[in-house]
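Undergrad: After the structure tokens below, expect a handful of questions from me.
Where a number appears in this text, it was derived from the coordinates with a stated rule and is not lab data. All figures in this text were calculated on a predicted structure; none of them were measured in a lab. Methodologically, a virtual Cβ is constructed for each residue, glycine included, from the backbone with ideal geometry; neighbour enumeration extends over all protein chains shown.
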Amino acid sequence: MSAGPAAGPLLAIVLGALAVFAAALARLGRIGLGRDLVVVAVRATVQLAAVSALIAAVLRDAGYTAAFIAGMVVIAVVTAGRRITGSMRAGAWTTALPIVAGVAPVLALLLASRLVPFRTVSVLPIAGIFIGGAMSATGLTGRRALDELATRRGEYEGGLALGLMPRDAAMEVCRPAAALALFPVLDQTRTVGLVTLPGAFVGVLLGGADPVQAGATQLLVLIGLLAIEVVAVLITLELVAAGVLTRAGAERPDGRSRRRWRPRPRAGR
């Protein structure tokens, strides 16, 4: 008997009921996300159906797997860039730096040490988890940092008046808030096995491995994510402080002059 749910009409009915239930509650609670909940549920269904069909072919060839991972990186960059800047203008593409700089060395270390077997079926899921973590950390850091610079503009300008360079003044304002981007992975690592059984553990366990091996795999993922997300947060902070990542319509600090940076809050905030 399969350990996973069977794909079929019953699964579709249950998933549809859960999505409608969530959307109805959101509408009744007037939090304004009812339509979004349904849209993301449908989108996730379509995406996973397509990916599930594609994965079978991708896993047969290392070249296809590498191309698939590269595609995941591109999508992560686009998602994080839009989340931070509101558009895919030139600066948004620099989110590739924190994502790749975080994921590449950690994944290379795990493969070189053979802790993760150099097989497509092993590399692809680990890479996906790492890329997703780097994307989330980058997006959260960028948004929080720019929010702080927008709401605490007076403190930023006060730093300039005291003689700080634009980068240093921006760091003083946005560094503490950006650190909050690490809270999700910190909480997940702190409570692993006590509150939740994360995906890597469950996946390896359902794949037939013993609990000790599943736990070792999950530890690799969690500790790897800690390192990856710290790198992503620090680099994203630097990009924001240097004025490389800004929101559409906002002025950027000029490191060669003392021009003031006046970031504007996003519409509707």
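Undergrad: Where nothing but the Cβ of Lys and Arg (+1) and of Asp and Glu (-1) is charged, how large is the charge dipole of segment 62-242 around its Cα centre, in debye to the nearest 20?
TA: Numbers: 12 positive and 10 negative charges, 69 e Å.
For this selection, approximately 340 debye.
Undergrad: Here's another thing I want to ask about it. log₁₀ I(q)/I(0) of segment 1-133 at q = 0.20 Å⁻¹, via Debye over equal Cα point scatterers, no solvent, to two decimals?
TA: Ignoring solvent entirely, the Cα scatterers give -1.18.
Undergrad: Using alpha-carbon pairs under 8 Å, 6+ residues apart, how would you state the relative contact order of segment 62-242 in percent? Provide the component values of the computation, followed by the final result.
TA: Details: 199 pairs, mean separation 52.7, N = 181.
So the answer I get is 29 percent.
Undergrad: So what are the ³J(HN,Hα) numbers for segment 69-85, from phi and the Karplus equation (6.51, -1.76, 1.60; θ = phi - 60°), rounded to whole Hz, Gly and Pro as x?
TA: Working through the residues one at a time gives 5, 4, x, 4, 5, 4, 5, 4, 5, 4, 5, 5, x, 5, 4, 7, 9 Hz.
Undergrad: Just to be sure I follow: if Rg is taken over the C-alpha atoms of segment 62-242 and Rh is the Kirkwood radius over the same atoms, what is Rg/Rh?
TA: Here the Rg-to-Rh quotient is 1.05.
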